[in-house]
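Since the structure comes first, as structure tokens, the remarks are kept for the end.
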2 protein chains.
Amino acid sequence: MSRTYKLAVLPGDGIGPEVMAEAIQVLDTLASKSDFSFQYDHQLVGGAAIDAVGKALPAETVAACESSDAILFGSVGGPKWEKLPPNEQPERGALLPLRKHFGLFANLRPGLCYPALTASSPIRPDLVEGGFDVLCVRELTGGLYFGQPKSRTTLPDGDIEVIDTMVYKKSEIERIGHVAFKAAQLRRKHVTSVDKANVLTNSVLWRETMLEIAKDYPDVTLAHLYVDNAAMQLIKAPRSFDVMVTENLFGDILSDEMAMICGSLGMLASASLGKPKGDGLYFGLFEPSGGTAPDIAGMGIANPIAQILSAALLLRFSLGLEKEAVTIENAVRKVIEDGLRTGDIYTGVEGTRKVGTREMGNAIVAAL
Amino acid sequence: MSRTYKLAVLPGDGIGPEVMAEAIQVLDTLASKSDFSFQYDHQLVGGAAIDAVGKALPAETVAACESSDAILFGSVGGPKWEKLPPNEQPERGALLPLRKHFGLFANLRPGLCYPALTASSPIRPDLVEGGFDVLCVRELTGGLYFGQPKSRTTLPDGDIEVIDTMVYKKSEIERIGHVAFKAAQLRRKHVTSVDKANVLTNSVLWRETMLEIAKDYPDVTLAHLYVDNAAMQLIKAPRSFDVMVTENLFGDILSDEMAMICGSLGMLASASLGKPKGDGLYFGLFEPSGGTAPDIAGMGIANPIAQILSAALLLRFSLGLEKEAVTIENAVRKVIEDGLRTGDIYTGVEGTRKVGTREMGNAIVAAL
Ligand SMILES: [Mg+2]
Ligand SMILES: [Mg+2]
């Protein structure tokens, strides 16, 4: 009996729809070779939803997501909607409420630099030779960004005092820890936990909890780095990392640093995971790390790889289709090795050829 | 009438004494050509003080610092004292109490990559061509590391909750802001303020305050970066920074990232500034960013440049001898351009020559 997975497909704005089309093509091709199929529920989100029905996240879109196995998200935003009040704009009006509604607590960002693309990295060639592949796992719902109290007080002497609060519960740390260790089991089986345990009470509990969790994963090794040292080691030794796990603020900084080190922002996928479904699977939202690129929207030249790799993450983390996820990742790797480049990663190197969105998608489909 | 400056000289452990000797040689040579002189009060600190009198920061050392115009510090620590209780070890037992006693609230770390040493940077050569020169100004006494409450609580349901608190007063932000703007006036007159004003209450006040302070410095331009973006821009465009100013935690991360990007840790000086003396001058402690390097201590091969550049910072920020500070910095630049290299920065490139601590010091003295 064949299994049908239901996916909420939210292409959004800018290049979203055209790169989404390639991801769907990839998924359909995989399904045609397997004993499962996908049922897509296409829904409006972001600026496209504002234009059509007046709000960035229509109730119908949320309902469709609720009745799906996962959300494949494009990207939202653009100059057209920048004059709206902040909370009604595409990003704040759609992505943040979606994260909140579905309790997406784990942000996974693979920092992948293919051997053939190391020249795009801002790091010295000898340090990134052969490429690298880091998975950054960031806690997304706790810590300093959300902790209470947040306050601003005028003191008796006229001075002003501001307060933000970093709060974590052990259960929140355990939850993200398990995501990291389970992800490592599918990879090179090493977790680097990043904290500031020499100074922060939060980090002391973080480190204790990671050490405890590690006992459940005897096949995975665990190392600890202070956050300032991690910021250094990512630059000097990106190849030394497999899975990096850290709290919200540190992850905000380090995942962006890692993306920069990769050199090709248009290649980077991301996953935001929510409720565990058991078996190491989670409901989740999967999207490219890059933006809507309104300047090239509709021109058929955008890089679809981040969207396609986001679909691979969806298979891995929400559906448990690890083999199929790897099939997509290998196909992407192959077309890159074959020299195909969209404009954003084309540098004119001999043996490479500039292609459009559709041709890149077709090549990946052919390589599946 | 000639002026005499009184300096507390605390060489400390490891390579401290031998690199300090070169810094003193440089200061004496400068004085011999000028209408001022230095009076040095050599004092024990760190492991050396533990061995001699049983504690890392003897009262006599503190008293000597109190009656001085500034502190020239070497470095402290080493394997010999690592088995002591943490608070009695050289670093925690000497440096932290000194910082606290003198209210050293501003940590300045020049991130300097000389044109001749860009090959040592982990950044791609085209991005650091011609070198770069960033001054990182970090607030050192406030924020998440020191804010109260810090707590750990077992909740009724058995979960554990930890809290750290990020607190700043506007007066603390003003104080560090003025340090940054005044430093920029002596440089390329641009300040980049780093915050997370889209999320943190602390950062909203930080940004407001920097905008206010900027009005006092019409010759200095001000830009703002979010901390995650700053972590990226430091890598991609280190040449775009002049002075970067940020709060304690962000500065901890970014100043280390910057040091890594410079590529030559043995070249980096630092200043920790305390009570303003007026005229943009401050009491301060000046020390190399690197450590005691116990493995090469006493061998005469350590790089004295960080210590010598720390002396230049002392002249600039504690004594107001800007011209003489620049004289030292130019002399260092000249010996590097002439090809002299201690072992830590020697790569065998043609036109360079490996020298020891004393020969490097002598060459800098000769170039003054
Ligand atoms: Mg970020
Ligand atoms: Mg640090």
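Quick note: the coordinates plus some simple rules give every number you see, no bench work behind them. As the structure is a computational prediction, the values presented were derived from the model and not from experiment. Please note: Cβ atoms are built from the backbone with ideal geometry, for glycine as well, and neighbour counts cover all protein chains shown.
Assorted remarks:
- Average Cα contact separation per residue, the range B:122-262, under 8 Å, 6 or more apart, as relative contact order %: 36 percent
- Copy-to-copy label separations for A:A63, where each label sits 7 Å from Cα toward Cβ, in nm and ascending: 8.3
- Peptide B:248-259 has a mean shielding of 5, counted as Cβ atoms of other protein chains within 10 Å of each residue's Cβ.
- DSSP-loop GluC sites (Glu not before Pro) across the range B:35-111, with at most 12 other Cβ within 10 angstrom: B:E82
- Shielding by other protein chains, A:226-236, mean Cβ within 10 Å: 6
- Pairs from the table (B:K170/B:K277; A:K236/A:K275; A:K169/A:K189; B:K83/B:K354; A:K196/B:K189) lying more than 30 angstrom apart at Cα are A:K236/A:K275; B:K83/B:K354; A:K196/B:K189.
- Our summary gives chain A a relative contact order of 20 percent, counting only alpha carbon pairs under 8 angstrom and 6 or more residues apart.
- Close amide H contacts of A:K277 (hydrogens built in the peptide plane, cut-off under 5 Å, sequence separation of 5 or more or a different chain): A:Y282, A:F283.
- Theoretical gain in end-to-end length, B:K354 to B:R152 [0.36 nm per residue, Cα-Cα removed]: 67.4 nm
- Amide H to amide H, with H built 1.01 Å from N, B:M244 comes under 5 Å of B:L135, B:C136, B:V137, B:T192, counting only residues 5 or more places away or on other chains.
- Other protein chain C-beta atoms within 10 Å of residue C-beta, averaged over A:146-156: 2.
- Modelled FRET efficiency - R0 35 Å, A:T347 with A:R239, Cβ distances, 0.05 increments: 0.95
- Counting every pair of alpha carbons in chain A, the share spaced more than 33 Å apart comes to 30 percent.
- Burial ranking of peptide ranges B:332-339, B:153-160, B:140-147, A:254-261 (average Cβ count within 10 Å, highest at the top): A:254-261, B:140-147, B:332-339, B:153-160
- 3J(HN,Hα) couplings calculated from phi for the range A:61-78 with the Karplus curve 6.51 cos²θ - 1.76 cosθ + 1.60 (θ = phi - 60°) are, in sequence order, 5, 4, 4, 4, 5, 4, 9, 10, 7, 5, 10, 9, 10, x, 7, 10, x, x Hz; Gly and Pro show x.
- For the range A:25-75, alpha-carbon Rg relative to the globular expectation (2.2 N^0.38 Å, N residues): 1.36
- In the protein assembly as shown, the alpha-carbon atoms span a convex hull of 178 Å³ per residue.
- Sparsely packed trypsin sites (Lys or Arg not before Pro) within the range B:1-65, loop by DSSP, other Cβ within 10 Å at most 12: B:K33
- Sparse-neighbourhood loop sites, trypsin sites (Lys or Arg not before Pro) in the range B:211-292 - DSSP loop, at most 10 other Cβ within 10 angstrom: B:K215
- As a ratio to 2.2 N^0.38 Å, the alpha-carbon radius of gyration for the range B:172-228 is 1.06.
- What separates the B:R3 label point from its copies, with the point 7 Å along Cα to Cβ, is 7.8 nm, written shortest first.
- For the range A:199-356: rounded, prolate or oblate by the Cα gyration tensor [a/c cutoff 1.5]: prolate
- Net charge of Cβ neighbours under 14 Å - reference B:K33; Lys, Arg +1; Asp, Glu -1: -2
- Label point 7 Å beyond Cα along the C-beta direction, distances from B:Q148 to other copies (nm, shortest first): 2.4
- For the range A:122-262, fraction of C-alpha pairs farther apart than 19 Å, in %: 54 percent
- Global geometry of the range A:296-351, whether rounded, prolate or oblate, following the gyration tensor of its Cα atoms and the 1.5 cut on a/c: oblate
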